[in-house]
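Engineer: Below you'll find the structure I mean.
The values are calculated or read from the model by the stated rules, or taken from the named source; none is laboratory data. Computed from a prediction, not measured in an experiment: that's the story for all the values here. Positions of Cβ are backbone-derived with ideal geometry, glycine not excepted, and every protein chain shown enters the neighbour counts.
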Amino acid sequence: MTLENAIKEKLTKAFAPAGLKVVNESHLHAGHASSPGTGESHFAVVVVADAFDGKSRVERHRMVNEALADELAGGIHALAIRAMTPAEHEDAKAAAES
């Protein structure tokens, strides 16, 4: 299983998200001194879930980091997180469309 698929599976299991996007950005960091060169080291995730309701941004990031603890310990070099509630996601979509 690819690291990208493992991330999707774990976030789906942890949050039952209304929306989930996992983007492998490793190619953008190829050749950087700190890049391990695996092709699966840098990711960005957008998780839309009710579980984030009433949580601060820091709490949300901790929740995602906890769900991906194994991957962060040995494979993911960088992880950009955008965690929001369904209502926040709808607001962001509406703002982008206007």
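Engineer: Which one is nearest to SER26 (Cα to Cα) among residues in the range 65-98 that are modelled with pLDDT of 95 or more and in contact with a helix residue (DSSP H, G or I) (Cβ under 7 Å, 6 or more places away or on another chain)?
Structural biologist: Out of the qualifying residues, it is ILE81.
Engineer: Take the residues in the range 38-68 that are of a type in the set (A, V, I, L, M) and in contact with a Pro (Cβ under 7 Å, 6 or more places away or on another chain), then tell me which one is surrounded by the most Cβ atoms within 10 Å (Cβ to Cβ).
Structural biologist: Quick first cut of the range 38-68, residues of a type in the set (A, V, I, L, M) only: 44-49, 51, 58, 63-64, 67-68.
Now narrow it down to the ones that are in contact with a Pro (Cβ under 7 Å, 6 or more places away or on another chain): 47-49.
Working: VAL47: 25, VAL48: 21, ALA49: 23.
Once the filter is applied, the top-ranked residue is VAL47.
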